[in-house]
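Asker: Shown below is the structure under consideration.
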């Protein structure tokens with residue numbers, strides 16, 4: 001099966017992992033801090049906290065921004081469920097804004113129409129690695145007083161207005177994912193980045209059961225050098241040194257990975273731009289997409305046949321996927337929402353979207369096979 005995305009692991013990555021396996025530290029050791037510093041430096045941000053997953057990083061971020069029961073948060077329905085789950089775990093009520101059809105990103109006007117005095121946070125998603133209109137969303141946050149999280153799980157290496165996603169110039173916190181299909185991998189893992197020291201300290205504590213060993217943060221007097229305090233309820237969200245070593249090695253190759261993804265997408269665009277099968281998402285002059293996904297929208301005549309097209313491509317061992325089922329359609333969300341939202345553009349996007357394979361090591365032979373298979377299948381429909 002040719003997957004829609006895939007990790008690229010080389011001998012340098014393997015060597016980096018072996019070095020840690022032979023060292024004194026397997027869990028949290030020197031590689032973890034090195035990785036956090038390297039990622040912060042890459043994104044030009046002050047602080048970085050690595051976690052065992054982006055899901056944990058999102059939950060920690062909502063907690064660090066004091067999202068709580070009785071609050072509301074706004075997010076997009078076109079994302080993986082963890083984006084919304086993070087706010088729900090804090091006891092807050094999810095509100096789903098509609099999206100832009102041409103980008104898959106959250107619609108700023110829809111966000112503004114949903115803001116009320118209970119909305120304390122907006123979680124934006126850089127869909128498929130293409131940054132949303134962060135300057136516009138930042139203007140709304142300043143106007144209405146809500147906080148911003150950039151769920152950039154798709155977008156490490158992407159740029160908005162010539163700044164790396166992760167700089168937190170527009171958001172209070174940015175979250176990355178290092179799952180194997182993402183721009184770089186730490187096997188499983190994630191990170192939360194911020195320019196705010198108070199948020200940073202809270203993220204660190206959240207990662208470690210709500211515990212601090214920093215005497216300046218103690219509520220009570222220290223009993224000695226062994227003393228620590230658990231100040232709130234949390235759990236183990238730590239990333240291991242083994243994972244961090246892999247992340248460090250992968251980060252050195254990130255820009256090359258992104259350029260290879262962009263080159264492959266360019267080949268797709270040139271091949272199919274005038275064929276009438278599907279259309280590509282828009283990349284504006286303000287954005288540089290990292291193309292975690294190559295999401296296309298089926299054109300009229302093919303929308304109703306998506307199920308069969310999907311099956312026939314899979315039968316040819318081409319691992320297409322659909323990203324995503326609107327979150328509010330999931331049974332859990334239907335059970336907790338008073339009224340099921342209706343986001344017409346998100347519904348249309350879901351009916352038309354298909355993700356085609358794109359990853360840095362995709363061989364030319366397999367890419368040509370994908371092209372020929374698309375011609376064969378779409379020409380028969």
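Asker: Is one or more of the residues making up segment 120-128 out of contact with any strand residue (DSSP E or B) (no Cβ under 6 Å at 6 or more places or on another chain), assigned to a loop (DSSP other than H, G, I, E, B) and surrounded by 24 or more Cβ atoms within 10 Å (Cβ to Cβ)?
Answerer: yes
Asker: What's the number of the only condition in (1) over 20 Å from residue 202 (Cα atoms); (2) touching a helix residue (DSSP H, G or I) at 6+ places or on another chain (Cβ under 6 Å); (3) crowded, with 24+ Cβ neighbours inside 10 Å that residue 59 fails to meet?
Answerer: (1)
Yes/no per residue for (1) buried (at least 20 other Cβ atoms within 10 Å of the Cβ); (2) over 20 Å from residue 106 (Cβ atoms); (3) modelled with pLDDT under 95; (4) in contact with a helix residue (DSSP H, G or I) (Cβ under 9 Å, 6 or more places away or on another chain):
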{"position": "323", "(1), (2), (3), (4)": "yes, no, no, yes"}
{"position": "353", "(1), (2), (3), (4)": "yes, no, no, yes"}
{"position": "357", "(1), (2), (3), (4)": "yes, yes, no, yes"}
{"position": "380", "(1), (2), (3), (4)": "no, yes, yes, yes"}
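Asker: Taking the stated definitions as given, is residue 216 at pLDDT below 95 and assigned by TED's automatic domain parsing to the domain that holds residue 17?
Answerer: Here the answer is yes, as residue 216 does meet what is asked.
Asker: Give me a count of the residues in segment 163-199 that are in contact (Cβ under 8 Å) with a residue 40 or more places away in the chain and either assigned to a loop (DSSP other than H, G, I, E, B) or not assigned by TED's automatic domain parsing to the domain that holds residue 72 (or both).
Answerer: The qualifying residues number 20.
Asker: Would you check which residues across segment 260-292 are loosely packed, with under 13 Cβ neighbours inside 10 Å and closer than 17 Å to residue 162 by Cβ and list them?
Answerer: Of everything in segment 260-292, just one residue is loosely packed, with under 13 Cβ neighbours inside 10 Å and closer than 17 Å to residue 162 by Cβ, namely 285.
Asker: Run residue 202 past the list (1) touching a strand residue (DSSP E or B) at 6+ places or on another chain (Cβ under 7 Å); (2) touching a residue at least 40 places away in the same chain (Cβ under 8 Å) and report the number of the one that doesn't hold.
Answerer: Answer for residue 202: the failing condition is (1).
Asker: Filtering segment 129-164 down to residues that are crowded, with 24+ Cβ neighbours inside 10 Å and at positive phi, which residue is farthest from the chain's Cα centre (by Cα)?
Answerer: 157
Asker: Give me the residue from segment 308-328 that is free of Cβ contacts under 8 Å to residues at least 40 places away in the same chain and under 23 Å from the mean Cα position of the chain (by Cα) and, out of that set, nearest to residue 86 (Cα to Cα).
Answerer: Of everything passing the filter in segment 308-328, 325 is nearest to residue 86 (Cα to Cα).
Asker: Turning to a different aspect of this structure: Given the criteria surrounded by 14 or more Cβ atoms within 10 Å (Cβ to Cβ) and within 21 Å of the chain's Cα centre (by Cα), does residue 234 qualify?
Answerer: In short, no.
Asker: I'd like to verify a number: residues in segment 180-195 that are touching a helix residue (DSSP H, G or I) at 6+ places or on another chain (Cβ under 7 Å) and over 12 Å from residue 250 (Cβ atoms), how many?
Answerer: 5
The values are calculated or read from the model by the stated rules, or taken from the named source; none is laboratory data. Since the model is a prediction, treat every value here as computed from it, not as a measurement. Ideal geometry is used to build each Cβ from the backbone, glycine not excepted, and the neighbour counts take in all protein chains shown.
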